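Asks: This is the structure I have questions about; it appears just below.
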Amino acid sequence: MERDADYLGRYRNISNKLKKRFLKKPNVAEGSEQFASLAKTFRQQECPQYSGFCCLAQARCEHTLSSAAGETQALTEAARNFLEAENDNSELHCPSFEEHLVAAVNCYGHAIRVHIENKQSALAAALCLELGDALRKFGKQSEAIAHYQRAAELQFQNPLDSLTSMGYVASCKIETGDYDGALTVLTEMAYLAQERGGSSSGRPLGAFCDILARFEVTRVLLLMLLQPTPQRIRPEHAQTLEKYAWESHEDTESVQCISEDLFLLLQSVVMACQSRDLEALKSLQVELWPLLSAEQNQLLHQVIAELSSPTGAAAS
């Protein structure tokens, strides 16, 4: 920041112009433009937190003008500035109370409420996802889950988008070690994909089939990691495992979406886990590695680690 520039004085001057005076109406539109200009100046001076405060002042002006679009734009810009300031502190390892992150969450929350009040659910959902991604980046998966869930609810009329948001919920639960919770979410997603993405024949089409296949693989790996006892396994999860028994000849929608090679490999994984054949599982890991996502490969690695030295922590 330039040493001789009186930025605080500029902020005060703009604020003073907006104060109500006798027989004189303040020019709120001009004040909004001036706050936006000052926010831009702060960004150029690499002071994102001060830019965020100016954007908040601009949002208040837009609210006074009853401009919902201008208000949400300013609030979103403020949130992004505060996130940038928090990220700068994090990269520099500066001690803080995460006040910039709290300010960003509040700004996002306010912008989301304005979008919902104006029946702009798609824009509100996009901000929920943006906030969830930011929290996840800062290692706050537990807090991100609520925002991903809210995005999925707002996107209910768009099943593909809703399933994507629910997938983020499941991934956050996996990252926090809540495997049972992730399995529940994935099962719900599988039912939704079958219900909303089916053709007249009942088989999911296109992207729904790809999503269902991905969910199916992750569910099987989670079940192998959890290893629920026959007395405690839920009926829907038992039904999933039955599809991978050697004597099974089921032709369900989820199995139809999986390639034959991947199905046979998963079938082998299930049998290897049930027989506790560690060497066979390690051989299967080599073949499965290029066919799985990074998250699925990590789950398979944990399955092998649990089988190598069972701790009992994963059982439920």
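Asks: Ser90: of a type in the set (Gly, Ala, Ser), part of a helix (DSSP H, G or I) and at pLDDT below 95, yes or no?
Replies: In short, yes.
Asks: Hey, among the residues in the stretch 100-144 that are among the basic types (Lys, Arg) and outside any helix (DSSP H, G or I), which one's nearest to His63 (Cα to Cα)?
Replies: This residue is Lys119.
Asks: To continue, here is another question. For the stretch 170-186, which positions are free of Cβ contacts under 8 Å to residues at least 60 places away in the same chain, within 18 Å of His237 (Cβ to Cβ) and among the β-branched types (Val, Ile, Thr)?
Replies: Listed by number, the residues that qualify are Thr184, Val185.
Asks: Failed condition for Phe156, given (1) closer than 26 Å to Ala213 by Cα; (2) modelled with pLDDT of 95 or more; (3) surrounded by fewer than 19 Cβ atoms within 10 Å (Cβ to Cβ), with all others met?
Replies: Failing condition for Phe156: (2).
Asks: Further question: Tally up the residues in the stretch 255-289 that are open to solvent by 20 Å² or more (accessible area, probe 1.4 Å) and either of a type in the set (S, T, N, Q) or touching a residue at least 60 places away in the same chain (Cβ under 8 Å) (or both), please.
Replies: Qualifying residue count for the region: 7.
Asks: What about His93, is it crowded, with 18+ Cβ neighbours inside 10 Å and either under 25 Å from Cys47 (Cα atoms) or of a type outside the set (D, E, K, R) (or both)?
Replies: No, not satisfied.
Asks: Inside the stretch 298-308, can you point out the residues that are within 13 Å of Ser171 (Cα to Cα) and surrounded by 16 or more Cβ atoms within 10 Å (Cβ to Cβ)?
Replies: The answer is Leu299, and nothing else.
Asks: If you take just the helices (runs of 4 or more DSSP H) that sit entirely in the stretch 1-76, which of them hold at least 3 residues that are closer than 30 Å to Gln120 by Cα and either open to solvent by 70 Å² or more (accessible area, probe 1.4 Å) or of a type outside the set (Val, Ile, Thr) (or both)?
Replies: It comes to 28-44, 48-64.
Asks: Among the residues of the stretch 198-237 satisfying the criterion of being of a type in the set (D, E, K, R) and modelled with pLDDT under 85, which is most open to solvent (accessible area, probe 1.4 Å)?
Replies: Filtering the stretch 198-237 for residues that are of a type in the set (D, E, K, R) and modelled with pLDDT under 85, the one most open to solvent (accessible area, probe 1.4 Å) comes out as Arg232.
The values are calculated or read from the model by the stated rules, or taken from the named source; none is laboratory data. As the structure is a computational prediction, the values presented were derived from the model and not from experiment. Note that each Cβ is placed from the backbone with ideal geometry, even for glycine, and that neighbours are counted across all protein chains shown. Areas reflect the complete protein model, heavy atoms only, side chains present, ligands, DNA and RNA absent. Shrake-Rupley method; radii C 1.70, N 1.55, O 1.52, S 1.80 Å.
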